[in-house]
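K.L.:
Sharing a structure here in structure tokens format.
The values are calculated or read from the model by the stated rules, or taken from the named source; none is laboratory data. Fair warning: this is a prediction, and the values are worked out from it, not measured in the lab. Cβ coordinates were reconstructed from backbone atoms using ideal geometry, including for glycine residues, and neighbour counts include every protein chain displayed.
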């Protein structure tokens, strides 16, 4: 457990409907109003255990993500990467363990919606967009704003919000298909749309599950640049199998194996780690 | 589900047919509907006279159109297929029926209660002699039931077919309850033999005309409401909810509130339709709550085209028109026809008649 | 005249063992109604085993007399002399008994049957005497109570005796009777005692107090029977729900198909039973008792074939679209119902229990377990076992499970998915057909039969957890027993509504049903 923070910084994350103080590609100021990151750690996972009918998906997993960090998670299939993301986003409840967002928000006690509203965004392994809505509408729904029923009933896009969506549309290169139904996009375009939705959602922590699957080399390269520009202003956690991509973005890599952390460090360090080599190459 | 379904027919068809054409059709239908009650007031030997039978039949179908629209708001937009909307319809109807029974009974007890040798009104009947309170009940009874049921159902994330089955069980339970004499709603026979409404003879031409007119107004109002909702961000959230609920939650929307809102709204619309149905048809009994009725409403929507606003109205009109014709011409075969309709619509017309028209329009 | 006399003498000699009452039949035939009545009363008070055939014949209206007032008994259309070997003067005329005499005959018959060997007959006799015993029989009943070996019969006799004594003018006798009633565990004793609590009926306060004590005693004894009875009817309802829901657990749980026409499969199974019964009546009436055994495979194949046909023509086009499947199968159900209405009529058809399925075991005075329900409970469990074996121990079961878990992968491994779908759907429908045979034995068979089960079956599957046979079994019996426990307390309808509410609340806690597998959430 962390030390009890001083009361004046225990504020709940507040909405920023006007979207003030953002730069062109969706990054906002580092110190998000409300989230207490006093110790420089945005995500704390300690001794997390998850088991499904006896099968241990996560065993004593301990992991910290620093503010503004870009962390890559690698690991063989079944290492528990997706389950870890499920735990962070509230989809799966851990059997025991500590999961904190910032210093004060206990993720194990929050619902999925509360977690999302507090500033954790997630991109799924399989791109999921709202297929019946247009690209623009997808972004509109994702945009950070008051998301209650009454607000939606009366919502009208402000000029600023519209501009913001237009910027992101340009960033993800979907400007020309803004009014196409999202269901008609290609796989790679859907990936970008989902990333765009994360950008307008403006979370402090982005969880990205295999973001470059199905992308061309050029698109992958572009995505790498995008993520690098996001880092420092946002914290990112990227699960990826593509080692080239990992090498091009990560300053810090965590290897998961059988539900717990096997190794941590720079990509080079990790790649030379005996145990990692054993896990990946077999004994 | 690759086509956007959340746009109104008018918006879509106008792109194909031209806004003038579809607008003209809509206005024409509206004009005919508004003229019908006036024509009913003409003397019976007038060539343009609309008979009470026709007016009642069309009024009944208009009530069903409102039900279809309400169901479509829940199913077509939010993906909540209710097989229990008959319950809300009947609750609205019963609330109105209570008022009409009190009105017919004067100071005494409603006839069926005297028949059961009851000496006083059950507590839930108090105040039903006031039209205003009865109207409150029309809204409250279905609304509160939908609220409670929806609250629990959405809280535990019951969705898809599970939700449908639960709603069906709900209306079935309601039917069993209302079939009992002790429940205090006339048992098997329900309510009938109404005399007056607000002091006016319920069978008089001008009363019928007024009721019919009220139905048209309610229909147009519901249509406008649906149109506004579908165009709002709320409507888009619903569509998103229908297609990818999990994604929506990770965007920070709480689906429960959205579902609950549209679900209760839909139930209340149904209740209002029921309240207008009862004085026009002159009877309400528990068979209105039978699961068959509710699921039939689903086929109106499916036939017309769900996720559109005009589709359900078209579907309700077509199926009920067919039903009226069949039950006179070939009563034995109506269930066959209805059964085949269910199959044909699901197999060959996934987007309903509206989808078919659109396709034609695009070619 | 002299020949007649010799005849009688001869017959008396021949029937020497019966000589003591050789005149009974003659006496009765010769007497006027008033005399006949007193004869019957006398016989009732002092039964004699040898008189039984005569009284039985009287009861069945087979006693006749010719003009010479000789008694004859009709046996298979021929008239045998009741005593001796007199020949009828002309065709004997059957005796007509008035209502009073018929009642007295029944009483007499009962007191004669009390002497018999068969406890079941003695029990029936004792029950008859509870209603009709005459004060003259007091002594006989006392003796019988003392010598009776069977508990049930003794209870019944005690009750008959007490009924007699309760109208006695001596309060002491009544008190003894009330105490006696307290010893029995018979529902009739309860009603009898309850009437005694009324001062208008029983004037003696002491007897009333005793009646109260006895009533409490009887109620305690009855409680066990009542509870067991509720548990049994719960099990019985549960087994019916299970039979109705099991097929659904396969089509819905494994294939994910919402088959709203499932209830109609039950209905078709019941109508197949009816057809088999009609065939037997027409072509093999002597083997009629066996018809349910033939109906089982017949119903299974009929419904399985219909199910497979539906799967191939309609349902397979709708995989992955559950709501559409729901609507389409509802359409199918409408068509099937109307089809049956057109063919068999809208009225219920009559499906009769064969003899071996009618009747029941009397476990306690207030608890009878009907054979048909016992058989159905066993049958339901047998079907579950069979289904489990089929799914877990056969190639088809393996294929079904493979297709359920990953259709594409199964197809790549060479599993003929289309065929598997068809067979699995056929299996589910066939099991519903078997359920229909069972339902036909305990309820009405009409076109709407299935409609009343479909909602309950779905609730069973939802509650039990999809794809879980064990869950369905537990849920079916749980719902059955809950229903039957609630029914006497708050009525069937409110009980049903309460159960629905409970299910909704239960799903709050366990959204996946009773037996859900946990796992990684896949999107």
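K.L.:
Please state which one of C:440, C:457 is at pLDDT 85 or above, within 11 Å of another protein chain (Cβ to nearest Cβ), under 22 Å from residue C:378 (Cβ atoms) and buried (at least 23 other Cβ atoms within 10 Å of the Cβ).
P.N.:
Numbers: C:440 fails: within 11 Å of another protein chain (Cβ to nearest Cβ).
Of the residues listed, the single one that is at pLDDT 85 or above, within 11 Å of another protein chain (Cβ to nearest Cβ), under 22 Å from residue C:378 (Cβ atoms) and buried (at least 23 other Cβ atoms within 10 Å of the Cβ) is C:457.
K.L.:
So which of B:166, B:249 is within 14 Å of chain A (Cβ to nearest Cβ) and either outside any helix (DSSP H, G or I) or buried (at least 21 other Cβ atoms within 10 Å of the Cβ) (or both)?
P.N.:
Every option except B:249 fails the conditions.
K.L.:
Determine which single condition residue B:307 fails, assuming it passes every other condition in (1) within 14 Å of chain C (Cβ to nearest Cβ); (2) in a helix (DSSP H, G or I); (3) over 22 Å from residue B:166 (Cβ atoms).
P.N.:
Result: residue B:307 fails condition (2) only.
K.L.:
Now for a different question. Being assigned to a helix (DSSP H, G or I), in contact with a helix residue (DSSP H, G or I) (Cβ under 7 Å, 6 or more places away or on another chain) and free of Cβ contacts under 8 Å to residues at least 60 places away in the same chain is the filter here, so list the residues in region B:178-208 that pass it.
P.N.:
Listed by number, the list holds a single entry, B:183.
K.L.:
Examine region B:4-26 for a residue that is assigned to a helix (DSSP H, G or I), modelled with pLDDT of 90 or more and closer than 24 Å to residue B:325 by Cβ, and state whether such a residue exists.
P.N.:
no
K.L.:
What is the one condition in (1) surrounded by 15 or more Cβ atoms within 10 Å (Cβ to Cβ); (2) modelled with pLDDT under 90 that residue B:74 does not satisfy?
P.N.:
All conditions pass for residue B:74, except number (2).
K.L.:
Looking at region A:225-235, can you tell me whether even one residue there is part of a strand (DSSP E or B) and within 24 Å of residue A:145 (Cβ to Cβ)?
P.N.:
At the first step, the residues of region A:225-235 found to be part of a strand (DSSP E or B) are A:231, A:234-235.
Retained after the next criterion (residues that are within 24 Å of residue A:145 (Cβ to Cβ)): A:234-235.
The answer is yes; a qualifying residue exists.
K.L.:
Still on this structure: Just give me the residues in region C:335-359 being within 14 Å of chain B (Cβ to nearest Cβ) and in a loop (DSSP other than H, G, I, E, B), in sequence order.
P.N.:
Of everything in region C:335-359, those that are within 14 Å of chain B (Cβ to nearest Cβ) and in a loop (DSSP other than H, G, I, E, B) turn out to be C:345, C:346.
K.L.:
Now a separate question. Can you give me the number of residues within region C:454-470 that are touching a residue at least 60 places away in the same chain (Cβ under 8 Å) and part of a helix (DSSP H, G or I)?
P.N.:
8
K.L.:
Tell me the residue from A:278, A:219, A:268, A:264 that is within 23 Å of residue A:69 (Cβ to Cβ) and either part of a helix (DSSP H, G or I) or in contact (Cβ under 8 Å) with a residue 60 or more places away in the chain (or both), please. Spell out the reasoning first.
P.N.:
Values: A:278 fails: within 23 Å of residue A:69 (Cβ to Cβ); A:219 fails: within 23 Å of residue A:69 (Cβ to Cβ); A:264 fails: either part of a helix (DSSP H, G or I) or in contact (Cβ under 8 Å) with a residue 60 or more places away in the chain (or both).
Checking each option against the conditions leaves just A:268.
K.L.:
Which of the residues that make up region B:222-243 are farther than 14 Å from residue A:156 by Cα, within 7 Å of chain A (Cβ to nearest Cβ) and either in contact with a strand residue (DSSP E or B) (Cβ under 7 Å, 6 or more places away or on another chain) or in contact (Cβ under 8 Å) with a residue 60 or more places away in the chain (or both)?
P.N.:
B:239, B:243
K.L.:
Taking the condition within 14 Å of chain C (Cβ to nearest Cβ), surrounded by 17 or more Cβ atoms within 10 Å (Cβ to Cβ) and on the phi < 0 side of the Ramachandran plot, does residue B:143 pass?
P.N.:
no
K.L.:
Further question: Return the residues of region A:114-135 that are closer than 21 Å to residue A:235 by Cα, more than 8 Å from chain B (Cβ to nearest Cβ), surrounded by fewer than 24 Cβ atoms within 10 Å (Cβ to Cβ) and out of contact with any helix residue (DSSP H, G or I) (no Cβ under 8 Å at 6 or more places or on another chain); say none if nothing qualifies.
P.N.:
Once the filter is applied, which keeps residues that are closer than 21 Å to residue A:235 by Cα, more than 8 Å from chain B (Cβ to nearest Cβ), surrounded by fewer than 24 Cβ atoms within 10 Å (Cβ to Cβ) and out of contact with any helix residue (DSSP H, G or I) (no Cβ under 8 Å at 6 or more places or on another chain), region A:114-135 yields A:114, A:118.
K.L.:
How many residues does region B:341-353 hold that are closer than 23 Å to residue C:320 by Cβ and in a helix (DSSP H, G or I)?
P.N.:
Of the residues in that region, 9 qualify.
K.L.:
Say whether the condition of being assigned to a loop (DSSP other than H, G, I, E, B) and under 30 Å from residue A:91 (Cα atoms) is met by at least one residue in region B:82-103.
P.N.:
Checking region B:82-103: at least one residue is assigned to a loop (DSSP other than H, G, I, E, B) and under 30 Å from residue A:91 (Cα atoms).
K.L.:
Run residue B:294 past the list (1) within 30 Å of residue B:202 (Cα to Cα); (2) more than 14 Å from the chain's Cα centre (by Cα) and report the number of the one that doesn't hold.
P.N.:
For residue B:294, the exception is condition (2).
K.L.:
Tell me, please, whether a residue that is surrounded by fewer than 19 Cβ atoms within 10 Å (Cβ to Cβ), at pLDDT 90 or above and either more than 10 Å from chain B (Cβ to nearest Cβ) or in a loop (DSSP other than H, G, I, E, B) (or both) can be found in region A:180-201.
P.N.:
yes
Residues are listed down the side, and each one gets a yes or a no for (1) assigned to a helix (DSSP H, G or I); (2) crowded, with 16+ Cβ neighbours inside 10 Å; (3) modelled with pLDDT of 80 or more:
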site	(1), (2), (3)
C:3	yes, no, no
C:9	yes, no, no
C:37	yes, yes, yes
C:40	yes, yes, yes
C:55	yes, yes, yes
C:58	yes, yes, yes
C:69	no, no, no
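K.L.:
Just one of B:321, B:257 is within 14 Å of another protein chain (Cβ to nearest Cβ) and either out of contact with any strand residue (DSSP E or B) (no Cβ under 7 Å at 6 or more places or on another chain) or part of a helix (DSSP H, G or I) (or both); which is it? Break it down stepwise before answering.
P.N.:
On the way: B:321 fails: within 14 Å of another protein chain (Cβ to nearest Cβ).
From the options B:321, B:257, the qualifying one is B:257.
K.L.:
For region A:137-165, give me each residue that is in a helix (DSSP H, G or I), buried (at least 20 other Cβ atoms within 10 Å of the Cβ) and facing chain B (nearest Cβ under 10 Å).
P.N.:
Taking region A:137-165 as the starting set, the residues that turn out to be in a helix (DSSP H, G or I) are A:137-142, A:149-154, A:159-165.
Remaining after also requiring buried (at least 20 other Cβ atoms within 10 Å of the Cβ): A:137-142, A:152, A:161, A:164-165.
Hits for region A:137-165 are A:137, A:138, A:140, A:141, A:142, A:152.
K.L.:
Can you tell me which residue among C:328, C:295, C:304 is in a helix (DSSP H, G or I) and at the interface with another protein chain (Cβ under 8 Å from one of its Cβ atoms)?
P.N.:
So the residue among C:328, C:295, C:304 that is in a helix (DSSP H, G or I) and at the interface with another protein chain (Cβ under 8 Å from one of its Cβ atoms) is C:328.
K.L.:
A further question follows. Would you pick out the residues in region C:169-191 that are farther than 13 Å from residue C:217 by Cβ and either part of a helix (DSSP H, G or I) or touching a residue at least 24 places away in the same chain (Cβ under 8 Å) (or both)?
P.N.:
Matches in region C:169-191: C:171, C:172, C:173, C:174, C:175, C:176, C:177, C:187, C:188, C:191.
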